[in-house]
Amino acid sequence: MTDQDSEARLLALCDVSRETIGRLRTYEGLLKKWNPAINLVSRRTLDEVWTRHFLDSAQLFAQVDDPKGVWADLGAGGGFPGLVIAILALEKAPALRVVLVESDQRKSTFLRTVARELSLPDTVLTGRIEDIAPIGAHIVSARALAPLPLLLDYGQRHLAPGGIALFPKGETWKDELHEAAQQWKYEVETVPSLTEPSAILLKLKGITRV
């Protein structure tokens, strides 16, 4: 899939304006400017930003009906999916507040720079996920951060009662679910990925320890 195809799919998926696409292009430019210095994403994915990062992040936003309250993105890194969620929310979900959690100070500086350049009302928290105060988020996400059992631990810490967790996973997702079931109870829905045939999106709620 080309980036042009991914841009068209993102437009169709989230029904956003050209103004929002323009913000994503500005974000793309900042990402490419900063990446050589602080390695925000793999260098080989920079030429596929719209597929590997923007559309891949936007599909999480599309899984939430009427997103509002607080969306916490854990281990935000270069801003995926959190900054993409914040950009989409500016147009599609103005009642949603995005909180980006990142332990690396340089990456946090990048996240704040993009937020300032695009006038995004999101919050960046610099610190370890297990150390910061519980956020009480309605939605928690994390991409390429940790195995599922640990993600569920993070999710339980930072979710409000009744909240949902959205975790993209690769081809080993069934093994991770099996391992997680030894320690956790949850309701799970699996959604095929739009960007990777062997990947899925785990949509979880009711997360409690066994």
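Below 8 Å, C-alpha to C-alpha, sequence gap of six or more: please give me the relative contact order for the chain in percent.
Values: 368 pairs, mean separation 35.6, N = 210.
Reported as a whole number, the value is 17 percent.
Across region 70-149, the fraction of Cα-Cα pairs farther apart than 20 Å, rounded to a whole number, is 23%.
Measuring between alpha carbons in the structure, the pairs from LYS32/LYS169; LYS33/LYS107; LYS32/LYS92; LYS33/LYS169 lying more than 23 angstrom apart are LYS32/LYS169; LYS32/LYS92; LYS33/LYS169.
A simple count of charges around ILE129, restricted to other residues whose Cβ falls under 11 Å of its Cβ and scoring Lys, Arg +1 and Asp, Glu -1, yields -3.
Taking a spot 7 Å from the Cα of LEU46 along the direction of its beta carbon, which residues of region 79-106 have an amide N less than 18 Å from it? So the set is 79-80.
Of the GluC sites (Glu not before Pro) found in region 143-187, those in coil by DSSP whose Cβ has at most 15 other Cβ atoms within 10 Å are GLU171. For trypsin sites (Lys or Arg not before Pro), the sites in region 114-168 that DSSP calls loop and that have at most 12 other Cβ atoms within 10 Å are ARG128. Against the chain, whose longest principal axis is taken from its Cα atoms, helix 105-117 shows a tilt of about 60°.
Oblate is the label for region 1-50. Its Cα gyration tensor axes, ordered a ≥ b ≥ c, give a/c of at least 1.5 and b/c at or above a/b. Both radii come from the Cα set of the chain: Rg as radius of gyration, Rh as Kirkwood radius; their ratio Rg/Rh reads 0.94.
Approximating the spin labels as points 7 Å out from Cα along Cα→Cβ, the ALA146-to-THR208 distance works out to 2.2 nm.
The overall shape of region 1-108 is oblate: from the C-alpha gyration tensor, with semi-axes ordered a ≥ b ≥ c, the ratio a/c is 1.5 or greater and a/b is no larger than b/c.
Quick note: the coordinates plus some simple rules give every number you see, no bench work behind them. Since we're looking at a predicted model, the values are computed, not measured. Using ideal geometry, Cβ is built from the backbone for each residue, glycine included, and neighbour counts are taken over all protein chains shown.
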